[in-house]
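Worksheet: the structure to be examined is printed underneath.
The values are calculated or read from the model by the stated rules, or taken from the named source; none is laboratory data. Bear in mind that the values here come from a model prediction, so they are computed numbers and not experimental data. Here the Cβ is made from the backbone with ideal geometry for all residues, glycine too, and neighbour counts use every protein chain on show.
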């Protein structure tokens, strides 16, 4: 055999960059530690105490990503918000079953590891963990040359929460006559970005620094608005909630139907709210049919709470205290498990 001596760096993996990234990330992880955390950063596995004071705790877990919103972060060089998006998205997913977040793990994979970019991403993850009062327990930062082309990276998150078994929310609690309480989204959240990016680039022909049509913000600002968490808005009133739907990919029809019994329909009155400008502009520029808009985007509704009509005002009031607008957008009627948008 002949040739120059090879090192891991010659195959595209920079161990020095990995060590620097871990050092930067360790400082961020320390800002998220909660009373349940055991051990220090850098172990082979993260440790967390089982929740105390619960009679019959059930663990609720979820894993997700933020889709092609990552491309907006990469192309704008603004990588500090997508990690926050990720934690909020995952927290909302387990909240719909009544669970309180306990801990979070992240996975970031690069073609070529940039410690500063990794730090920005995890800074967003840490901010999301602090907002939702969960610990960033660990994760993985990988360098995978040949699989991703720099500066591209991928991001995923994993969350675990807990709920009392007799407090689990879902379709079994939904009753005829319940109302649908809508909670306002902060924007696109983390779904529909493949279509949104196509419309912005090919139909609107806008750059990220251009003003977004009908809004007092740039295209980059609008597209990178952080996915709203509903944990603080709903945690005080979970005992009043029958079921919830986090409105992500699939929109209202694809998500609200997931928490309906087969004998009931959710009838949504779309006249109860004004479609936000970001969705109206995308619909117009892309000539997107309204039905398709409701299937792809949240259309201004980030979470739907199903509850007794008598409790709606209390739920809306709790959201208001947390800075979230809520309103009654429909009701539950006899049917076949369908979502009807009128």
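Could you list all residues from segment 64-81 that are within 29 Å of residue 168 (Cα to Cα) and buried (at least 24 other Cβ atoms within 10 Å of the Cβ)?
66
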Residue hits (segment 245-262; outside any helix (DSSP H, G or I) and touching a helix residue (DSSP H, G or I) at 6+ places or on another chain (Cβ under 7 Å)) are 245, 246, 247, 248, 250, 260, 261
Condition (residue is farther than 29 Å from residue 236 by Cβ, part of a loop (DSSP other than H, G, I, E, B) and at pLDDT 95 or above) applied to segment 34-55: is it met by at least one residue?
no
Condition test on residue 263, is it farther than 18 Å from residue 66 by Cβ and in contact (Cβ under 8 Å) with a residue 12 or more places away in the chain?
-> yes
Regarding residue 79, is this residue outside any strand (DSSP E or B), closer than 18 Å to residue 230 by Cα and either in contact with a helix residue (DSSP H, G or I) (Cβ under 9 Å, 6 or more places away or on another chain) or without any contact (Cβ under 8 Å) to a residue 40 or more places away in the chain (or both)?
no
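Please work out if residue 237 is in a helix (DSSP H, G or I), in contact (Cβ under 8 Å) with a residue 60 or more places away in the chain and in the same structural domain as residue 285 (by TED's automatic domain parsing).
Working: in a helix (DSSP H, G or I): yes; in contact (Cβ under 8 Å) with a residue 60 or more places away in the chain: yes; in the same structural domain as residue 285 (by TED's automatic domain parsing): yes.
Taking the combined requirement at face value, the residue satisfies it.
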At pLDDT 85 or above, touching a strand residue (DSSP E or B) at 6+ places or on another chain (Cβ under 7 Å) and more than 27 Å from residue 240 (Cβ to Cβ): is that true of residue 86 in this structure?
yes
All conditions in (1) modelled with pLDDT of 95 or more; (2) closer than 27 Å to residue 197 by Cβ are true of residue 306 except (2)
Only one of 105, 95, 147 is in contact with a strand residue (DSSP E or B) (Cβ under 6 Å, 6 or more places away or on another chain), on the phi < 0 side of the Ramachandran plot and not assigned by TED's automatic domain parsing to the domain that holds residue 240, namely 105
* For segment 108-120, indicate whether the set of residues that are at pLDDT below 95, outside any helix (DSSP H, G or I) and under 15 Å from the mean Cα position of the chain (by Cα) is non-empty. => no
